[in-house]
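Here's the structure, in structure tokens; my notes come after.
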Amino acid sequence: MELTIKKYEELTKEELYEILRVRAAVFVVEQNCAYQDLDRIDSHAYHVTLKDGDEIVAYLRVIEKGIAYEETSIGRVLTTRRGCGLGEMIMKEGIKIAEEMMHADKIKIMAQTYAKSFYERFGFRQTSEEFMEDGIPHIMMVRG
């Protein structure tokens, strides 16, 4: 497994293409959810990939504070192989980047409700009532 951390401008065209491809595969196709993934936020984020050979098996982006939310945020968290600890590995790295590289004292996420307990394991706590985003139940959560 290879972990890569890159700012948007450091990504090659091929790396960006693979990131967008895997995000579409998970969030659009697998979850049957038509939504606007290309949200103009990618250029304000660190992109964290975990690869097995040429295949991205886990991904997330860590977004500068003041872009998506007032706080630094983490989003587009995904794994293509579930139940083998990849989500935990990528999430720990995302938190580390937010705190050490972006000097975040708080991290905000919009989490799909079903994943609440996953994020609670990393110290996130629910800060909103459940709401619908693109037809999927979500909650806001904060760490710190």
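The values are calculated or read from the model by the stated rules, or taken from the named source; none is laboratory data. Given the structure is predicted, the values throughout are model-derived calculations rather than measurements. Note that we place each Cβ from the backbone using ideal geometry, even for glycine, and neighbour counts take in every protein chain shown.
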Quiz item: Does at least one position in region 122-141 carry a residue that is outside any loop (DSSP other than H, G, I, E, B), aliphatic (A, V, I, L, M) and under 27 Å from GLU2 (Cα atoms)?
Solution: no
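Take the residues of region 73-114 that are of a type outside the set (Gly, Ala, Ser) and closer than 19 Å to GLU9 by Cα: which is surrounded by the most Cβ atoms within 10 Å (Cβ to Cβ)?
Within region 73-114, the first condition is being of a type outside the set (Gly, Ala, Ser), and the residues that meet it are 74, 76-82, 84, 86, 88-93, 95-97, 99-103, 105-110, 112-114.
Right, trim to closer than 19 Å to GLU9 by Cα and you get 74, 76, 97, 101-102.
Details: ILE74: 30, ARG76: 20, ILE97: 20, MET101: 13, MET102: 16.
The residue in question is ILE74.
Could you list, in sequence order, the residues of region 70-79 that are outside any loop (DSSP other than H, G, I, E, B) and more than 14 Å from ALA115 (Cβ to Cβ)?
Kept after step one, since they are outside any loop (DSSP other than H, G, I, E, B), are these residues of region 70-79: 72-79.
The answer is THR72, SER73.
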Exercise. Would you point out the residue of region 80-96, among those that are among the basic types (Lys, Arg) and assigned to a helix (DSSP H, G or I), that is farthest from ALA45 (Cα to Cα)?
Key: LYS92
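Residue by residue, here is whether (1) modelled with pLDDT of 95 or more; (2) of a type in the set (Gly, Ala, Ser); (3) at positive phi; (4) touching an Asp or Glu at 6+ places or on another chain (Cβ under 8 Å) holds:
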site: ALA34; (1), (2), (3), (4): no, yes, no, yes
site: ILE63; (1), (2), (3), (4): yes, no, no, no
site: SER73; (1), (2), (3), (4): yes, yes, no, no
site: MET89; (1), (2), (3), (4): yes, no, no, no
Quiz prompt | Of all residues making up region 97-113, the number that are closer than 15 Å to TYR46 by Cβ and in a helix (DSSP H, G or I) | solution = 5
Self-check item: Residue list for region 95-133, filter: farther than 18 Å from TYR59 by Cα and touching a helix residue (DSSP H, G or I) at 6+ places or on another chain (Cβ under 7 Å)
Solution: ALA104, GLN126, GLU130
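Condition first: without any contact (Cβ under 8 Å) to a residue 40 or more places away in the chain, among the aliphatic types (A, V, I, L, M) and loosely packed, with under 13 Cβ neighbours inside 10 Å. Now tell me which residues in region 1-52 satisfy that. Quick ask: steps written out before the conclusion?
Initially, region 1-52 is screened for residues without any contact (Cβ under 8 Å) to a residue 40 or more places away in the chain, giving 8-18, 20-21, 24, 28-30, 32, 36-45.
Keeping just the survivors that are among the aliphatic types (A, V, I, L, M) gives 11, 16, 20, 24, 28-29, 38, 41, 45.
Once the filter is applied, which keeps residues that are without any contact (Cβ under 8 Å) to a residue 40 or more places away in the chain, among the aliphatic types (A, V, I, L, M) and loosely packed, with under 13 Cβ neighbours inside 10 Å, region 1-52 yields VAL29, LEU38.
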Quiz item: Just checking, how many residues over region 53-72 are crowded, with 18+ Cβ neighbours inside 10 Å and under 21 Å from GLU2 (Cα atoms)?
Solution: 7
